[in-house]
Amino acid sequence: MDRAVDAVNLGAAGTDMSLWGLFLQADIVVKLVMLMLLAASVWVWAIVYDKTTAIRRANRAADGFEDRFWSGGSLDELYETEGTKPSHPMAAVFGAAMAEWRRSRRGVSVAGRASAVRDRVERAMGVTIQREMDVMERWMIFLASVGATAPFIGLFGTVWGIMGAFQTVGNLTTVALSQLAGPISTALLCTLGGLFCAIPASVMYNYLALRVRVMISRMDSFSLELSNVIQKQVMKQSVSTYPR
C-alpha cells in the first residue's frame with residue numbers, strides 16, 4: 001500500500017503543473033482552443049480600450065461644442081471652424097445640418113422654404129447620426145459574440161482533453177495520479193480560459209452599449225434643437241423677403 005502511494009506521489013511530482021507546462025502537455029486540438037481564446041481575449045480588451053477612449057473623447061468634445069453652440073455666436077462662423085471638418089460626432093451632425101441649410105437657401109420659394117429646409121436638414125442629420133452610430137458600434141458585435149460563445153469553446157476544449165486523457169490511460173493496468181492530473185488540469189484550463197474571455201466581453205459589451213445609446217440620444221436631442229434653431233432662422237429670412 002505504501003509503495004502504491006509513493007508511486008502515485010512520485011508520478012504527480014514529475015508533472016509540470018504550471019500554466020506553460022499544462023499548455024505544453026495538451027494535444028493539438030486543446031492547444032488550438034487555448035490559443036483561440038487567448039487571441040479573442042486580447043482582441044476583446046483592445047476593442048474595449050478603443051471604444052472607451054473614443055466615447056470618452058467624444059463626450060468631452062461634445063461638452064465643449066455645445067457650450068460654443070449656445071454661447072450666442074454666429075452659426076456660420078461655428079460651421080467654418082468646426083463643421084467643415086468635424087472631429088467628433090456632434091460636430092458632424094452640426095456640419096451636415098449647416099451644409100444642407102446652405103444648399104437649401106437657393107432654389108426654394110419663400111412660401112415653402114421653412115418646411116422644405118427643415119425636412120432636408122432633418123434628413124441630412126438623420127443620415128449623419130446613423131453613420132456615426134455605425135462607427136461607434138463597429139466591433140461591438142464581436143464582444144457580444146465572444147461573450148456568448150467563448151464558454152462553449154472552452155467547454156469543447158475541456159471535453160476533448162478529458163476524452164483524450166481517458167483514452168490514453170484506458171488500456172493501462174496501473175494508473176499514476178500524474179497520468180490523469182496533467183491532462184485533466186489542461187482540459188479544465190480551457191474552461192477557465194473560456195470564462196476569462198467571456199465574462200469581460202459580456203460585461204464590457206453591456207457597458208459600452210449603454211454609453212453608445214447615451215451618446216446617440218444626446219445627438220438626437222441636439223439635432224432636434226438645431227432643427228428648431230434653423231427653422232427660426234429660415235422663418236426670419238422668409239419674413240424679411242416679404243414685400244412691404
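Note down the magnitude of the dipole of the stretch 28-239 about its Cα centre, charges +1 on Lys and Arg C-beta and -1 on Asp and Glu C-beta and zero elsewhere, to the nearest 20 debye.
Taking the Cα centre of the stretch 28-239 as origin, the dipole is about 460 debye.
Could you give the nm distance between label points at A116 and T81, where each point is 7 Å from its Cα heading toward the beta carbon?
So the two model labels end up 3.3 nm from each other.
Only residues of the stretch 126-152 count here: report those whose backbone N is under 16 Å from the spot 7 Å along Cα→Cβ of Y207, or say none.
Under 16 Å, as judged by backbone N against the label point of Y207, lie 140, 143-144, 147 of the stretch 126-152.
Provide the descending list of Cα extents for the stretch 28-239 along its principal axes, expressed in whole angstroms.
100, 29, 21
Using each residue's phi in the stretch 187-196, evaluate 6.51 cos²θ - 1.76 cosθ + 1.60 at θ = phi - 60° and report the 3J(HN,Hα) Karplus result to the nearest Hz, with x for Gly and Pro.
Once rounded to whole Hz, the list reads 5, 5, 4, 5, 4, 4, x, x, 5, 4.
No value in this document is a laboratory result; all are computed from the given coordinates. Remember, it's a predicted structure, so these values are computed and weren't measured experimentally. Using ideal geometry, Cβ is built from the backbone for each residue, glycine included, and neighbour counts are taken over all protein chains shown.
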